[in-house]
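The values are calculated or read from the model by the stated rules, or taken from the named source; none is laboratory data. Computed from a predicted structure; not experimentally measured. Every residue, glycine among them, receives a Cβ derived from its backbone with ideal geometry; neighbour counts consider all protein chains shown. All accessible areas refer to the heavy atoms of the entire protein, side chains included, with ligands and DNA or RNA removed. Shrake-Rupley method; radii C 1.70, N 1.55, O 1.52, S 1.80 Å.
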Amino acid sequence: FDVGIAEEHAVSMAGGLAKQGMVPVVAIYSTFLQRSYDQILQDISMLKLHVVLAIDRAGLVGDDGETHHGVFDVGFLSQVPGMTVLAPCCTEELKEMLRWAVLECSGPVAVRYPRGGDGAVTESCWDPDSGVITHRQGKDGAIITYGSLINQALAAADILAQQGLSVSVIRLTKLNPVSARGLEAALAGQRVILIAEEAIGGLGADLSCMIHQILPDSSTAVIDLGREYVTHGTVAKLYEKHGLDAAGIADRFLEVRKS
């Protein structure tokens with residue numbers, strides 16, 4: 001069903017279909033999903049309905065313009081009771097997550113995926129029971145991220161390796177709920193940099209609190225997009241501007257390590 005730009009109606013309609021036993025998939029850009037926040041809360045989540053939100057254009061979208069950046073959905077979806085939020089990093093993983101969301105999940109579930117193709121990781125190693133994947137194991141600290149930002153995190157680890165530092169690279173595949181046990185096992189008390197392609201106060205803030213609770217001796221820093229609206233520009237330029245590119249991540253890691 002194409003309901004045009006009536007996103008509020010699309011989500012409420014999906015709730016009605018789910019009450020009748022169907023499994024609706026609602027495909028909406030992240031930036032437009034904001035319009036249906038109330039419907040997500042009242043018409044899906046509160047009723048514990050199995051609706052799949054397929055969230056396109058998640059994260060920075062570059063030349064689509066300032067209004068199209070999908071940088072708020074992680075924060076507001078993580079507030080929704082009972083909502084599962086998944087973040088694939090490649091096409092293969094997206095397919096697996098969508099299949100799981102439709103056929104094996106229950107309740108509301110969101111799968112957020114970026115504009116663009118695959119990067120450094122092209123094969124899925126996703127485990128729906130875990131939500132935490134260690135791509136590299138190091139002893140001098142850890143970089144945590146999700147989605148396509150894994151490409152910048154791995155490149156930052158390469159830069160740091162050239163300086164003699166061994167850094168863990170950890171990716172979250174399930175952004176809500178986050179597995180505290182999985183994080184604790186992966187981090188082992190290290191200094192941590194959280195890389196989040198979102199506005200300030202979302203997943204980065206929640207993870208900082210969680211890490212402090214489970215690993216009180218670890219130090220944590222967050223790189224996100226800040227409080228201002230993200231301007232128009234290519235993804236590469238915007239990553240560089242906000243310190244989310246590989247060089248910026250490596251520099252921030254070195255600052256945190258000295259503190």
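A quick yes/no check of all residues on (1) open to solvent by less than 50 Å² (accessible area, probe 1.4 Å); (2) under 21 Å from Arg171 (Cβ atoms); (3) touching a Pro at 6+ places or on another chain (Cβ under 7 Å); (4) modelled with pLDDT of 90 or more:
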{"position": "Ser208", "(1), (2), (3), (4)": "yes, yes, no, no"}
{"position": "Ile211", "(1), (2), (3), (4)": "yes, yes, no, no"}
{"position": "Asp217", "(1), (2), (3), (4)": "no, no, no, no"}
{"position": "Leu225", "(1), (2), (3), (4)": "yes, yes, no, yes"}
{"position": "Val230", "(1), (2), (3), (4)": "yes, no, no, yes"}
{"position": "Val235", "(1), (2), (3), (4)": "yes, yes, no, yes"}
{"position": "Asp245", "(1), (2), (3), (4)": "yes, yes, no, yes"}
{"position": "Gly248", "(1), (2), (3), (4)": "yes, yes, no, yes"}
{"position": "Val256", "(1), (2), (3), (4)": "yes, yes, no, no"}
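Do we find that Ala120 is touching a residue at least 40 places away in the same chain (Cβ under 8 Å) and either among the hydroxyl-bearing types (Ser, Thr, Tyr) or at negative phi (or both) in this structure? Write out each step before concluding.
Values: touching a residue at least 40 places away in the same chain (Cβ under 8 Å): no; either among the hydroxyl-bearing types (Ser, Thr, Tyr) or at negative phi (or both): yes.
When the stated conditions are applied, Ala120 does not pass them.
Scanning region 98-125 for residues that are of a type outside the set (Gly, Ala, Ser) and open to solvent by less than 30 Å² (accessible area, probe 1.4 Å), which turns out farthest from the chain's Cα centre (by Cα)?
Of all residues in region 98-125, those of a type outside the set (Gly, Ala, Ser) come to 98-100, 102-105, 108-109, 111-115, 118, 121-123, 125.
Then drop every residue that is not open to solvent by less than 30 Å² (accessible area, probe 1.4 Å), which leaves 105, 108-109, 111-112, 121.
Working: Cys105: 19, Pro108: 17, Val109: 13, Val111: 9, Arg112: 7, Val121: 16 Å.
Applying the filter and picking the extreme gives Cys105.
Would region 90-99 turn up any residue that is at pLDDT 90 or above, out of contact with any Ser or Thr (no Cβ under 6 Å at 6 or more places or on another chain) and under 22 Å from Leu41 (Cβ atoms)?
At the first step, the residues of region 90-99 found to be at pLDDT 90 or above are 90-99.
Add one more test, that the residue is out of contact with any Ser or Thr (no Cβ under 6 Å at 6 or more places or on another chain), and what stays is 91, 94-95, 97-99.
Those left that are additionally under 22 Å from Leu41 (Cβ atoms): none.
No; the residues of region 90-99 include none that is at pLDDT 90 or above, out of contact with any Ser or Thr (no Cβ under 6 Å at 6 or more places or on another chain) and under 22 Å from Leu41 (Cβ atoms).
Restricting to region 164-211, give me the number of residues that are over 25 Å from Ser124 (Cβ atoms), free of Cβ contacts under 8 Å to residues at least 12 places away in the same chain and either of a type outside the set (A, V, I, L, M, F, W, C) or in a strand (DSSP E or B) (or both).
Of the residues in region 164-211, 1 are over 25 Å from Ser124 (Cβ atoms), free of Cβ contacts under 8 Å to residues at least 12 places away in the same chain and either of a type outside the set (A, V, I, L, M, F, W, C) or in a strand (DSSP E or B) (or both).
Can you tell me which of (1) assigned to a strand (DSSP E or B); (2) of a type outside the set (Ser, Thr, Tyr); (3) buried (at least 19 other Cβ atoms within 10 Å of the Cβ) is the one His135 doesn't meet?
Of (1) assigned to a strand (DSSP E or B); (2) of a type outside the set (Ser, Thr, Tyr); (3) buried (at least 19 other Cβ atoms within 10 Å of the Cβ), only one is false for His135: (3).
Could you tell me whether any residue of region 71-78 is within 13 Å of the chain's Cα centre (by Cα), at negative phi, part of a helix (DSSP H, G or I) and charged (D, E, K, R)?
We begin by selecting, within region 71-78, every residue within 13 Å of the chain's Cα centre (by Cα); these are 71-78.
Retained after the next criterion (residues that are at negative phi): 71-78.
Narrowing the set further to residues that are part of a helix (DSSP H, G or I) leaves 73-77.
Checking the rest, the ones that are also charged (D, E, K, R) come to 73.
Looking through region 71-78, at least one residue is within 13 Å of the chain's Cα centre (by Cα), at negative phi, part of a helix (DSSP H, G or I) and charged (D, E, K, R).
Taking into account only those residues within region 149-185 that are touching an Asp or Glu at 6+ places or on another chain (Cβ under 7 Å) and not hydrophobic (A, V, I, L, M, F, W, C), which is farthest from Pro128 (Cα to Cα)? Full working, then the answer.
We begin by selecting, within region 149-185, every residue touching an Asp or Glu at 6+ places or on another chain (Cβ under 7 Å); these are 149, 152, 165-167.
Narrowing further to those that are not hydrophobic (A, V, I, L, M, F, W, C): 152, 166.
Working: Gln152: 24, Ser166: 28 Å.
So the residue we want is Ser166.
Report, by residue number, each residue of region 150-161 that is touching a Leu at 6+ places or on another chain (Cβ under 7 Å) and either part of a strand (DSSP E or B) or open to solvent by less than 30 Å² (accessible area, probe 1.4 Å) (or both).
Start the filter on region 150-161 by keeping residues that are touching a Leu at 6+ places or on another chain (Cβ under 7 Å), which leaves 152.
Result: no residue meets the conditions.
Could you run through region 19-38 and say how many residues are part of a loop (DSSP other than H, G, I, E, B), among the hydrophobic types (A, V, I, L, M, F, W, C) and in contact (Cβ under 8 Å) with a residue 12 or more places away in the chain?
Total satisfying the criteria: 1.
Of the residues Leu98, Leu41, Leu47, which is of a type in the set (A, V, I, L, M), assigned to a helix (DSSP H, G or I), touching a residue at least 24 places away in the same chain (Cβ under 8 Å) and farther than 25 Å from Leu149 by Cα?
On the way: Leu98 fails: farther than 25 Å from Leu149 by Cα; Leu47 fails: assigned to a helix (DSSP H, G or I).
That would be Leu41, the only listed residue that is of a type in the set (A, V, I, L, M), assigned to a helix (DSSP H, G or I), touching a residue at least 24 places away in the same chain (Cβ under 8 Å) and farther than 25 Å from Leu149 by Cα.
Given the residues Ala18, Ala10, Ala14, which is the only one that is at pLDDT 95 or above, aliphatic (A, V, I, L, M) and either more than 15 Å from Ala101 (Cβ to Cβ) or surrounded by fewer than 19 Cβ atoms within 10 Å (Cβ to Cβ) (or both)?
Ala10
Tell me, yes or no, whether region 162-185 has at least one residue that is of a type in the set (A, V, I, L, M, F, W, C), open to solvent by 30 Å² or more (accessible area, probe 1.4 Å) and touching a helix residue (DSSP H, G or I) at 6+ places or on another chain (Cβ under 6 Å).
Checking region 162-185: at least one residue is of a type in the set (A, V, I, L, M, F, W, C), open to solvent by 30 Å² or more (accessible area, probe 1.4 Å) and touching a helix residue (DSSP H, G or I) at 6+ places or on another chain (Cβ under 6 Å).
Can you find, within region 46-64, the residue that is farthest from the chain's Cα centre (by Cα) among those that are over 21 Å from Ile200 (Cβ atoms) and open to solvent by 10 Å² or more (accessible area, probe 1.4 Å)? Before you say what the answer is, go through the steps one by one.
Step one: of region 46-64, the residues over 21 Å from Ile200 (Cβ atoms) are 46-54, 56, 63-64.
This time we only want the ones that are open to solvent by 10 Å² or more (accessible area, probe 1.4 Å), so: 46-50, 56, 63-64.
On the way: Met46: 23, Leu47: 25, Lys48: 22, Leu49: 22, His50: 21, Asp56: 12, Asp63: 21, Asp64: 20 Å.
Residue satisfying both the conditions and the ranking: Leu47.
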